[in-house]
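Working notes, beginning with the structure itself.
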Amino acid sequence: MNPKELMISRYEAFKANNWSYLEETSLHQKAQDLATLAHIRWLRLEILNAHDNIVEFKAYYDEYGHKGVLHEKSYFVQVDGEWKYNDGVIDPS
């Protein structure tokens, strides 16, 4: 799985509240911390750019009736041959 495919699978995991998968595919994120986002309804993912270990995306969501967009540039690293989410920059310019 490459970083773009991993980003898409992680988005689907956010939609499904699959916190253990998100923890397993990340270097730093913990399931119990991510579970605080369970109230967010994810609507759509738009991949803006993907090259090497960087994926820039917009994720559209609804939070308590308010629509929003998360724009992030995510950075991935390989660990034992598998890509993992490392960190990201929100609203990159």
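Could you pull out the pairs from LYS15/LYS67; LYS4/LYS30; LYS4/LYS84; LYS30/LYS73 whose alpha carbons sit more than 18 Å apart here? As for pairs spanning more than 18 Å Cα to Cα, those are LYS4/LYS30; LYS30/LYS73. Between GLU12 and SER93, the FRET efficiency from the beta-carbon distance, with R0 = 41 Å, is close to 0.90. Considering only HIS39, SER9, ALA50, and ranking their Cα positions along the charge dipole of the chain that arises from unit charges at the beta-carbon of Lys, Arg, Asp and Glu, the one farthest toward the positive end is HIS39.
Calculate, for MET1 and ASN86, the FRET efficiency according to 1/(1 + (r/R0)^6) with r their C-beta to C-beta distance and R0 25 Å; round to the nearest 0.05. The partial results should precede the final answer.
Values: r = 15 Å, r/R0 = 0.61.
Once the sixth-power term is evaluated, E becomes 0.95.
A DSSP coil position with no more than 14 other Cβ atoms inside 10 Å describes none of the GluC sites (Glu not before Pro) in segment 3-89.
Going by how many other beta carbons lie within 10 Å of each one, how would you line up MET1, MET7, fewest first?
Numbers: MET1 11, MET7 26.
Ascending number of Cβ neighbours within 10 Å: MET1, MET7.
Evaluated with a Cβ-only charge set (Lys, Arg +1; Asp, Glu -1), the chain carries a dipole of roughly 300 debye about its Cα centre, given to the nearest 20. Based on DSSP H segments of at least four residues, each scored -39500 (n - 2.57), the chain has a per-residue ellipticity at 222 nm of -6500 deg cm²/dmol. The loop-placed chymotrypsin sites (Phe, Trp or Tyr not before Pro) in segment 2-73, going by DSSP, that have at most 14 neighbouring Cβ atoms within 10 Å of their Cβ come out as TYR64.
Applying both filters, DSSP loop and at most 16 other Cβ atoms within 10 Å, to the trypsin sites (Lys or Arg not before Pro) of the chain gives LYS30. Between ASP33 and VAL69, what FRET efficiency comes out of the Förster formula 1/(1 + (r/R0)^6) with R0 = 35 Å and r the beta carbon distance, rounded to 0.05? Efficiency, rounded to the nearest 0.05: 0.95.
Any read-out appearing in this document is the output of simple, stated calculations on the displayed coordinates, not a laboratory observation. Predicted model, so just to flag it, every value in this text is computed and none were measured. As a convention, Cβ positions derive from the backbone with ideal geometry for all residues, glycine included, and neighbour counts pool all protein chains shown.
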